[in-house]
């Protein structure tokens, strides 16, 4: 049980875990440095933001207060200059002036800013009653002394406001310079810190990557010196319990299998060479046999025609009829043999795939068997076709598949005597279409049955019939191209039955 557990989990210390441990320390240091630097910059930015925000509010409020003072003073100056009365100062302007001064008081951040605010409010305490007195008697002019006090108070408040603005602007400039200085210093410190961390990471990465890669380099070096087919393979030592060790063990198992393969290689090659030799010998015998079979009818045909040509007038009607019949039979045998040679070229061409069509098999069989039906009728042989009415359509190569039917039925017709029967049955079983071609002919010798579908194989009893049986090899190739198979059963003197099947590619759909 422990052995099975070890085989299922051969990796005890994965490389990814080692790499994770290697990168964990510098990563944590880098992360801590980044957090510290970020916090430092956040605090610096927040402090500067708060200071600058208050300075900005003070400046904005002071400028609004100065603007309000001018909005009150300028109309009064115009009326006094034109010796006119009727100037009214709205309460909203005084409230706006007071509000802006209070904003300045709430945002005191710089030295001396408080004293200026106090002086502003002291002046405003005198300024407000003076302006309110104008509202009690808006149709009369101020006395010159009161108008002079108004102008003096206004000028004093304007000067104080300008000084307040100057103090805050100067403070903002100093704050900006200090912030830039601190930011530059923080940037330098961060650069130094990150430089140290990055250097440490590079050193550690190089060290540990070398430690991790060394077994891989060792394994690669041993594999590089290994030649396939040499019969000598190394036994690589596994020194780690990670993926590299597991890979090393896998290579050792592969080398063991290669050794076993090399042990059987010579035998396999010898067997293949023997098959090629036998095939060449069979092909040579095939060519010699067919040459002999061509020579015999050609000689007989030549003699019959020669006798008719030279001495035809000396022969009686029966003798001439016999010579003509012999010549006709020789021509028939020559035609059959030439057709077999044509089949040989077809056998090579059949290897190229062709598109398939979904057709009604009853119509296909009727079209391809029509010529054979006439031959069977002339020879007194019955051909029975059995096809169910509800049989689904079949997907076939409409050019090659009919050749299978005509060849099988043609063979049965060739070896069936007058009065015999040939049956062709088609049915569907499961996901396959089955075809059976049965005859009551002479049958096939049992010793020939295992090789009946081999190429370049001739049987003596079939040679006597004027053919060499090459068509059955083509039949088998076509059926295998359709994804099916064929088998044969035969009894000498009782008949032969060829059964083949092809898959139902349409799933039984009509």
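Nothing in this text is a laboratory measurement; each read-out follows from the coordinates by a stated rule. Model, not experiment: these values are computed from the prediction. All Cβ positions, glycine included, derive from the backbone under ideal geometry; neighbour counts span all protein chains shown.
A simple spin-label model places pseudo-atoms 7 Å from Cα toward Cβ; at residue 156 and residue 432 they are separated by 12.1 nm.
Counted residue by residue at 0.36 nm each, then reduced by the alpha carbon distance between them, the extension gain from residue 173 to residue 106 reaches 22.0 nm. Taking the range 63-77 and a reference point 7 angstrom along Cα→Cβ of residue 166, the backbone N atoms nearer than 17 Å belong to 63, 66.
Annotation: extensible slack from residue 35 through residue 224 equals 63.2 nm (criterion: 0.36 nm per residue apart, minus Cα-Cα distance).
Once the Cα-Cα distance is subtracted from the 0.36 nm per residue extended length, the residue 202 to residue 391 segment shows a gain of 60.5 nm. If R0 is taken as 35 Å, the Cβ-Cβ distance between residue 449 and residue 335 corresponds to a FRET efficiency of 0.80.
Residue exposure proxy: 172, 217, ordered by other Cβ atoms within 10 angstrom of their Cβ from fewest to most, comes out as 217, 172.
Counting neighbouring beta carbons within 10 Å and listing from fewest to most, the residues 64, 281, 128 come out as 281, 128, 64. Between residue 71 and residue 491, the modelled label-to-label distance comes to 12.7 nm, taking each label 7 Å out from Cα in the direction of the beta carbon. Modelled this way, with points 7 Å down the Cα-to-C-beta line, the labels at residue 398 and residue 180 are 8.9 nm from one another. Across the range 355-503, the relative contact order, built from alpha-carbon pairs under 8 Å that are at least six residues apart, equals 23 percent. Here the residues 331, 437, ranked from fewest to most Cβ neighbours within 10 Å of their Cβ, fall in the order 331, 437.
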